[in-house]
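The values are calculated or read from the model by the stated rules, or taken from the named source; none is laboratory data. Just so you know, these numbers come straight off a predicted model, no measurement behind them. A quick note on method: Cβ atoms are made from the backbone with ideal geometry, for glycine too, and the neighbour counts reach across all protein chains shown. To get the accessible areas, we keep the full protein, side chains included, count just its heavy atoms, and leave off ligands, DNA and RNA. Shrake-Rupley method; radii C 1.70, N 1.55, O 1.52, S 1.80 Å.
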Amino acid sequence: MLRWEREQVGLTVPYVADHLKVNVSLVHAWEDGDALPLLADLRLLAELYLCPVGHFFLDAPPPEPRQLDFRGLDPDKKLTYESHKTLRRFLRYVEVAGDWMEMLGLSKVARIPEFPLHDPAEAAQQAVQLLGVTQEVRESWDSPDEAFAGWRQAVEQCGVFVFSMTLPFGGVRGASTWPEDGVPGILVNHWDTESATGRVFTLLHEFAHILAHRAGLVCDFRGQPNVETFANRLAARAIVPFDALHSRLSDLGLRLFKEYWTESELNLIREPFHASRDVVAISLEDMKLAPDGYYRKQRTAWEKRRPFGRGRGGGQKRVVLKYRELGSRMSDLVLAASESGIVSPLDVDDVLGTPVKKFRDFIRAGST
């Protein structure tokens, strides 16, 4: 179990030994059953491995009931330790949200009707109608940040908890989960390679996973039963409808097939839609204006570059960053839990990682 828990978070024996200030041979001895760690050592290992101490005493690895859908993780890559920590925190948020809603007597039923997902274009239209994001709403957004905030609010109003958290560059761009008898949750990497435009695409990609969970069946309109491909196309169609894209291409004199589209052309096309390069590349390929495999090739090239448009939130107060991370839906639940008397103030502070009083004052001041 010691070896299994270490491998789950992608740590090496030398790293563990250095962290605990012990010899490498001792860690190997623990894992081989040739030596017994002290209780203090087990507590340190549990903290490092992001698991309860009790896991070390199991006869076999525990079942993993919470499945995650990832976006942006290359099959050949493994999750980094920092990614593991963030994903575990995300799962805890979703678990806590479901538990607190049940304790407070709130309905956990998400407002997501079941509709067939056979064609990404049709599914995108239904998803946009469900979210209530009309053309008038889109035109009210003056920046990619406002677009992300608008889409996020629309998704949260369907009963989904959306978290914006930091994940290392080059790994996971987003994730989603819908535990049995729990609430659906989406994680968006705040440090996306394309800042807010990339976050919008990831949000709707993961929302497609939530829809697929509800529908139970996804059939790619090209006959490829690949949920990731379907989710990409659904998200792209939702952000930039084909008729609007056709009109934009005509205005720019670019409604034609090209083997290669330049970065400047992609930027010109996407500008009025607050869309990422992913959206434009996927759409051009689907419209037969780019060769098959164009998006995958471009995505590989983009991932090798240094990210742009990403801020670290320097100078912002911790409570502001926490609100950005939790979103309005989870933040409202935190306040309801703290004021109910049903949930312990210590539990609320533990989830927040900051005093609930400061968080409450921040939200009530209208600083959102």
Checklist outcome for this item: In the stretch 3-40, anything without any contact (Cβ under 8 Å) to a residue 12 or more places away in the chain and among the acidic types (Asp, Glu) is listed as Glu7, Asp18, Asp32, Asp34
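Yes or no, residue by residue, for (1) assigned to a loop (DSSP other than H, G, I, E, B); (2) small (Gly, Ala, Ser); (3) in contact with a Phe, Trp or Tyr (Cβ under 9 Å, 6 or more places away or on another chain); (4) within 25 Å of Lys322 (Cα to Cα):
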residue: Leu79; (1), (2), (3), (4): yes, no, yes, yes
residue: Arg89; (1), (2), (3), (4): no, no, yes, yes
residue: Glu95; (1), (2), (3), (4): no, no, no, yes
residue: Trp100; (1), (2), (3), (4): no, no, no, yes
residue: Ala123; (1), (2), (3), (4): no, yes, yes, no
residue: Leu130; (1), (2), (3), (4): no, no, yes, no
Item to check | Subset tally (residues that are more than 9 Å from the chain's Cα centre (by Cα), open to solvent by less than 10 Å² (accessible area, probe 1.4 Å) and farther than 22 Å from Ala301 by Cα) for the stretch 164-203 | outcome: 3
Next on the checklist: Every residue in the stretch 30-47 that is part of a helix (DSSP H, G or I) and acidic (Asp, Glu), please.
Outcome noted: Glu31, Asp32, Asp41, Glu47
Checklist entry - Which of the residues belonging to the stretch 86-127 are more than 22 Å from the chain's Cα centre (by Cα), modelled with pLDDT of 90 or more and of a type in the set (A, V, I, L, M, F, W, C)? => result Met103, Leu104, Leu106, Ala121
Item to check | Selection status of Glu139, among the acidic types (Asp, Glu), on the phi < 0 side of the Ramachandran plot and open to solvent by 30 Å² or more (accessible area, probe 1.4 Å) | outcome: yes
Checklist entry - Do you know which residues across the stretch 164-185 are in a loop (DSSP other than H, G, I, E, B), in contact with a Pro (Cβ under 9 Å, 6 or more places away or on another chain) and either within 16 Å of Arg329 (Cα to Cα) or of a type outside the set (D, E, K, R) (or both)? => result Phe169, Gly170, Trp178, Pro179
Checklist outcome for this item: Given the conditions (1) out of contact with any Ser or Thr (no Cβ under 9 Å at 6 or more places or on another chain); (2) modelled with pLDDT of 90 or more, every one holds for Phe148 apart from (1)
Checklist outcome for this item: Expected output for the stretch 85-97 (first residue open to solvent by less than 10 Å² (accessible area, probe 1.4 Å), partner in a helix (DSSP H, G or I), Cβ below 8 Å, 6+ apart or cross-chain) is Tyr93/Leu326; Tyr93/Met330; Tyr93/Val351; Ala97/Met330; Ala97/Leu333
Checklist entry - Of the numbered conditions (1) modelled with pLDDT under 90; (2) surrounded by 12 or more Cβ atoms within 10 Å (Cβ to Cβ), Ser331 satisfies every one except a single condition; which is it? => result (1)
